[in-house]
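Sharing a structure with you now.
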């Protein structure tokens, strides 16, 4: 038995015994070339936690402004005041867009924005309040930890006061954004704001104390190394041990953009020295994350950043959740030219999940089950439909 076989055997024993994996285990898991073995191991953990279910939600994204005081090196979404395609919605515009969303019967509105240098603090709780009045049955999942820290700066309020006002206005979850990669060795080269691990973790810790369950994310596949990804999930695992407030972990694949189609500018300052993670690397990242994060109930694939093929495969590599119907996700589509659709309907998601061999379950932001659907057809049933199975 060689060293790799011994390592694989020891990991199998740890997983079977429910023993927590170490940082060293995580780093070495990334080095294993046997992707099928890694997928089987992660799928076993995923199945033990969630059975044959794959969750999804029907959501819409709303970006109130792309004007941003920061200039993070990887970001093609941000614009400076005065740029031709910079925009900021009036509250009335945001409400009008929310009105148009009613026909899709969404259960979640996902709101992320730039750090606008002149918008007043009062704009944000007011827009939440008006959106909640317009879509009372829809969960408002809004703002990154970076935005929350920005609100503290522009309002002069404490973290407690900012969160309390937003919750009173209708906030039901923060988003997981702003995490990127926590390790300072990488972070100092990719972000241009003051919200780092200490601040990000404290904001989510406080949100958890106030009864919010939040997602956690990781942006991977740029200048970081695999060891930085392991460090990232280890930090999240430790915080989850403390608060229990994370609902889901979401690996986000860095988008290597070509140029911005509006003005031809290359805003991604690390583009010349980066590529996108391969599909194999993405599946590895899902699997290793699922194995390391033993205290997270769910791992989600955001199909917009991975493509539909990887999204489908991810459900067999540790993921148990797909997000979502979306519609016009500007932060990625302003960057990637990657070819993912703007929208997946409820029916599209049901088909994707069934084709991957799982039973679709529609959830809300709080991971409460909204509706269970029939699972995939058996091979015999599929053969009974002309043209549905080809050999």
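Considering only the stretch 165-198, how many residues are part of a helix (DSSP H, G or I), in contact (Cβ under 8 Å) with a residue 40 or more places away in the chain and more than 19 Å from the chain's Cα centre (by Cα)?
The number of residues fulfilling the criteria is 8.
Right, next: Mind checking which pairs have a first residue in the stretch 101-122 that is touching a residue at least 12 places away in the same chain (Cβ under 8 Å) and on the phi > 0 side of the Ramachandran plot and a second that is surrounded by 15 or more Cβ atoms within 10 Å (Cβ to Cβ) and not in a loop (DSSP other than H, G, I, E, B), Cβ under 9 Å, 6 or more apart or different chains?
Listed by first residue and then by second, the contacts come to 105/346.
Here's something else I'd like to know. Being touching a helix residue (DSSP H, G or I) at 6+ places or on another chain (Cβ under 8 Å) and part of a helix (DSSP H, G or I) is the filter here; which residues of the stretch 105-140 pass it?
Residues satisfying the conditions are 123, 124, 125, 126, 127, 128, 129, 130, 131, 132, 134.
Can you name every residue in the stretch 52-90 that is free of Cβ contacts under 8 Å to residues at least 24 places away in the same chain and either under 30 Å from residue 25 (Cα atoms) or crowded, with 16+ Cβ neighbours inside 10 Å (or both)?
Once the filter is applied, which keeps residues that are free of Cβ contacts under 8 Å to residues at least 24 places away in the same chain and either under 30 Å from residue 25 (Cα atoms) or crowded, with 16+ Cβ neighbours inside 10 Å (or both), the stretch 52-90 yields only 86.
Something else about it: With respect to residue 162, determine if the residue is touching a helix residue (DSSP H, G or I) at 6+ places or on another chain (Cβ under 6 Å), part of a helix (DSSP H, G or I) and farther than 22 Å from residue 297 by Cβ. Break it down stepwise before answering.
Working: touching a helix residue (DSSP H, G or I) at 6+ places or on another chain (Cβ under 6 Å): yes; part of a helix (DSSP H, G or I): yes; farther than 22 Å from residue 297 by Cβ: yes.
Considered against the rule, which asks whether it is touching a helix residue (DSSP H, G or I) at 6+ places or on another chain (Cβ under 6 Å), part of a helix (DSSP H, G or I) and farther than 22 Å from residue 297 by Cβ, residue 162 comes out as yes.
Which members of the stretch 127-141 meet the condition of being closer than 23 Å to residue 79 by Cβ and surrounded by fewer than 22 Cβ atoms within 10 Å (Cβ to Cβ)?
Result: no residue meets the conditions.
Only one of (1) touching a strand residue (DSSP E or B) at 6+ places or on another chain (Cβ under 7 Å); (2) under 30 Å from residue 375 (Cα atoms) is not met by residue 64, so which one is it?
In the conditions (1) touching a strand residue (DSSP E or B) at 6+ places or on another chain (Cβ under 7 Å); (2) under 30 Å from residue 375 (Cα atoms), residue 64 misses (2) alone.
Take residue 319 and tell me if it is assigned to a loop (DSSP other than H, G, I, E, B) and at pLDDT 95 or above.
Details: assigned to a loop (DSSP other than H, G, I, E, B): yes; at pLDDT 95 or above: yes.
For residue 319, the condition - assigned to a loop (DSSP other than H, G, I, E, B) and at pLDDT 95 or above - is met.
Out of 354, 371, I need the residue that is touching a strand residue (DSSP E or B) at 6+ places or on another chain (Cβ under 7 Å), within 28 Å of residue 37 (Cβ to Cβ) and at pLDDT 60 or above. Which one? Outline the logic, then answer.
Values: 371 fails: within 28 Å of residue 37 (Cβ to Cβ).
After ruling out the rest, the residue left standing is 354.
The values are calculated or read from the model by the stated rules, or taken from the named source; none is laboratory data. Everything numeric here is computed off the predicted structure, so don't read it as measured data. Methodologically, a virtual Cβ is constructed for each residue, glycine included, from the backbone with ideal geometry; neighbour enumeration extends over all protein chains shown.
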